[in-house]
Amino acid sequence: MKNNFVILITASPQNSQSHLTAIRYLNSLINRKESVSCIFFYQDAVAVANIFNQPPSDEPELLKAWRKFAKTSKVELMTCVAASFRRGVIDKEEASNREINSANLSEHFSLAGLGQLSAALSNPNAKLVHFK
Amino acid sequence: MINIVIHQTALTNASFKESIDLALVCAAFDQKVNLIFVDNGVYNLMTKQNYQSIGDKNHLDILKGLEFYDIENIYVEEESLENRKISKNKLIESCKILSINEIKRLHEKSNQVVSL
């Protein structure tokens, strides 16, 4: 039975090195040709998709690292819509609905409902790996 | 079957709310959901909470309404209650007490365990 990896990231990008670990883990999954069905950002992890984050120049740029991963792996990065809005990460559509000047959701990330995580988890081969 | 484990109080951070959101969505997608309260998470089940006094939302109402969304299995860990000297009659009626070992067996039986 082949595993269908579901990657859940809930760690804050500012307070934890879990994002770096997750990217290393994902890269090795991709190299081993494992199947990754879903990469889902929930809770404080959604803040990594905020383009307004400007980490100091001598610290790792997590957003850049995720974008690079998304570009090379072609696996979609999903951020929970409710968790994102609660933490001030909004896309163009929400910005225009709320008459806010600019959106801050990075490219390569898409807003998704928890239903997409739940659907991925209900696959009988789903193997959940959680970075918190 | 999915087990969702709640470790913290609703007042600590958004984990409680976001665990309940996940539980509701999984139930809506026809998954059998077990909500398991352990550690300080058990405080969420106490009936005498007064959120109004601190201007917060009443989180207890969410728990009371869960059975209408097909979440009927609310479990609370016996040892966590004992450590905190909380007796069963202080908790909402819909929760069932399980020992650590019973919870372990429940994890073994379930397809996924999520602990936010």
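Points to keep in mind about this one:
- Degrees, to the nearest 10: A:62-73 long Cα axis against longest axis of chain A: 50
- Kirkwood hydrodynamic radius (C-alpha pairs) into Stokes-Einstein, chain A, 10 °C and 1.306 mPa s, D in µm²/s: 105
- Proximal charge balance of A:Ala47 [Cβ under 12 Å; K/R count +1, D/E count -1]: +1
- Separation of segment A:64-132 and segment B:49-95, taken as the distance between their Cα centroids, equals 31 angstrom.
- Sparse-neighbourhood loop sites, GluC sites (Glu not before Pro) in segment B:26-116 - DSSP loop, at most 12 other Cβ within 10 angstrom: B:Glu93
- For chain B: rounded, prolate or oblate by the Cα gyration tensor [a/c cutoff 1.5]: oblate
- Using the Cβ-Cβ distance between A:Glu34 and B:Lys104 with R0 = 22 Å, the FRET efficiency computed as 1/(1 + (r/R0)^6) comes to roughly 0.20.
- Folded to 0 to 90 degrees: helix A:18-31 orientation relative to chain A principal axis, Cα: 50
- In this simple spin-label model, placing a label point 7 Å from the Cα along the Cα-to-Cβ direction at both B:Lys85 and A:Asn97 gives a separation of 4.9 nm.
- Order of B:Lys17, B:Lys96 under a 10 Å beta carbon neighbour criterion, fewest first: B:Lys96, B:Lys17
- Given charges at beta-carbon only (K, R positive; D, E negative), |dipole| of the protein assembly as shown in Debye: 540
- In chain B, a dipole from Cβ-located charges (positive for Lys and Arg, negative for Asp and Glu) runs towards its positive end, and of B:Asn13, B:Val42, B:Ala28 it is B:Val42 whose Cα lies farthest in that direction.
- When chain A is treated as a Gaussian network with alpha carbon springs shorter than 10 Å, the biggest mean-square fluctuation among A:Val48, A:Val89, A:Val36 belongs to A:Val36.
- Hydrodynamic estimate: the Kirkwood radius of the protein assembly as shown over Cα pairs, inserted into Stokes-Einstein at 4 °C and 1.567 mPa s, corresponds to D of 67 µm²/s.
- When the C-alpha to C-alpha distance is required to be over 29 Å, the pairs from B:Lys32/B:Lys85; A:Lys2/B:Lys96; A:Lys33/B:Lys32; A:Lys71/B:Lys104; A:Lys64/A:Lys92; A:Lys71/A:Lys132 that qualify are B:Lys32/B:Lys85; A:Lys2/B:Lys96; A:Lys33/B:Lys32; A:Lys71/B:Lys104.
- Figure legend: label point modelled 7 angstrom from the Cα of A:Arg86 along Cα→Cβ; residues of segment B:36-60 with amide N under 14 Å from it are B:57-59.
- Potential lengthening between A:Asn15 and A:Asn125 on full extension [0.36 nm per residue; Cα-Cα distance subtracted]: 36.4 nm
Since every read-out is calculated from the coordinates, none of them should be taken as a lab result. Keep in mind that what you see is a predicted model, and the values were worked out from it rather than measured. Backbone-built Cβ (ideal geometry, glycine too); neighbour counts: all protein chains shown.
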